[in-house]
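Participant: Input: one structure, supplied below.
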Amino acid sequence: MILKTLWAHRKQNGFVFAEIALIAILSFWLLDQLTLQTYSQFFCRADGEFEKEHLVVGLVGYHGATSDSEDNGQETDAGRKKSSESQDLPVMASLYAFRDHVRSLPEVQSVTFVDHYLGCTGGYRGYRMSPEADTTIYCSTHFERFPLDFNYFETWGMKNVEGSPSLEALSKDCPTDGVVITRSLAMQLFGTADVVGRRVLFYTSRIEENFQDKQLTTHHTVAGVVEDVKPMYVERYHYIAFFPYSATLVEPQIVIRLKPGMDADGFVSKYSPKPFTLSEKVGDHGFHFLSTYNQYKKREIIDDDKIIQTVLGTFGLMLVLNVILGTLGTFWLQIRKRTEDIGIMRSFGAKRRHIFGMVWSEGALLTLFATIVGQLIWLQFALHYGLADGNIRATSGRETDWTTIFWVHFLVICVVQYLLFLAVVTVGMIVPSLIVIFKRPVEALHHE
C-alpha cells in the first residue's frame, strides 16, 4: 500500500528522493569522522586509566640573567654557544631546586617533568616497533620520553603489570637503552605481558640535508610493562613506548599529583602566576602557567578541534537545514494536494494517528530508498580507491575493532546516517501533516 502510494506520487517524491540521495553522498565522510571521533573519545577507555582529579599541569618558566651582547644587543653565535655552555649546570641546578621545592609543598604528593600531557592532545607521535627476534611482527607505536629520577610513572598514577618492576624502580633505574611499554603493545608484539628483558627494535627517521627521509633503527630492552593509558584523547589504541632520558629542558612542562583530599582548583588558584610573572619562584625558575588536568584537557580538545569542528559543523548545519527546508517545502505541497483525500479518510472515521502514521511511513520508506542509493554511490568511490581492501583505517600491526573492518564500519555509518536523516525528515514533515490532519473533514473536502 505504501509503495503503491509512493509510486502514485512519484513526480512529487522525485525531488525529495534526489535531494536526500545527494546529501547522503556528500555527508557520508562527515558522519564517518564524527562517529569515529565520538567512538574513540568516549568509548575507548584504557584499562589503566589514571586518576585525574588530583592532577595539576603547568609550564616551568626560566628568568635567568642574560649574557653580555655585542653590536647594540645582538649576540654573536660564538657568544651564544659559550653562554649556553657556561649556564647549563647552573640552569639545571636551579631547575632541580625548584622541583624539590614544589615536591616539598604541603599539598603535593609527587612531581615530574614531561614532554607533553598524556591524553590531552589529538596529535600523533608514532613510529614502528618490532621484536628483535621476529621483525615481521611490528606495531605502530606512540612514543613518549620520561626523565629519570623524576617520579614519572608514580606522578601520572599508572599501574605496573604483575611481574614488572615497581613504578619507583622504572622511574629511577630504567637503563638508558631500556624502554617501558604498555600491556597492549606487549600483547601485540609478543602475545604476552610477561616481556621484561625481551629485546625490541624501534624504527625512527630523520631528514637528511638533501631532504631525504632516512630510517634509523635502535635496539632496546624492555625494562617494564605498565597498564594501558591513553596517549591522545582521539586514539583508539593504547600502544605507547616510554624512553628514558637524563637531560631536561630549560622551560619544561610539569605534572603535579596532589595528596588525597587536596583541591586541585584551590592549588591552581593559590600558586597561579600573575600575568607576565613567575609564581612560587625559586632561583631562576617558577610557575609560568598552571591548570588542573581536566581543565587543560577540555581546553586542548576545543583548541585542537576548533577549526575542523567549525568547518564540519558549518557544513553539517547547512546539510541539515537544506534537508529540513527542502523536505518541509516538498511535503507541504504534497500534503496540501492530498488534503481532500485526507478529508475523505477523516469523514469515514480514520483516526489522526493512523493518517499520520501512513504519511510518516511513506516519508520513512522514501528516505530509506534515497539513502541507500546515496550510500551505494559512495561505496563505489570507496571500492575504487581501495578503502575496502582490508581496512578503512589501516595501520599495520594493530588489533582489529569495528572501525578497521571495512564492511562493519560501513554498515554502522549507514545505520547512523539513516537514523539521522529519518529524524530530520520527521521534523520536516510533522508540521504540514498535523495542520492538515487537524482540519475538520468539511474544510478538508472543500480544499482546492
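Participant: Where residues in region 165-201 are modelled with pLDDT under 95, touching a Leu at 6+ places or on another chain (Cβ under 9 Å) and of a type outside the set (Lys, Arg), which of them is nearest to LYS230 (Cα to Cα)?
Facilitator: Going through the qualifying residues, I end up with SER171.
Participant: Within region 150-166, restricting attention to residues that are in contact with a Ser or Thr (Cβ under 7 Å, 6 or more places away or on another chain) and outside any strand (DSSP E or B), which residue is surrounded by the fewest Cβ atoms within 10 Å (Cβ to Cβ)?
Facilitator: GLU154
Participant: Let me ask something else. Can you pull out every residue in region 145-169 that is among the aliphatic types (A, V, I, L, M) and farther than 24 Å from GLU53 by Cα?
Facilitator: Answer for region 145-169, where residues must be among the aliphatic types (A, V, I, L, M) and farther than 24 Å from GLU53 by Cα: LEU148, ALA169.
Participant: Here is a further query. Test ILE344 against the stated conditions and say whether it is under 31 Å from the mean Cα position of the chain (by Cα) and modelled with pLDDT of 70 or more.
Facilitator: Judged against the criteria, ILE344 is not a match.
The values are calculated or read from the model by the stated rules, or taken from the named source; none is laboratory data. Since we're looking at a predicted model, the values are computed, not measured. All Cβ positions, even for glycine, are placed from backbone atoms using ideal geometry, and neighbour counts span all protein chains on display.
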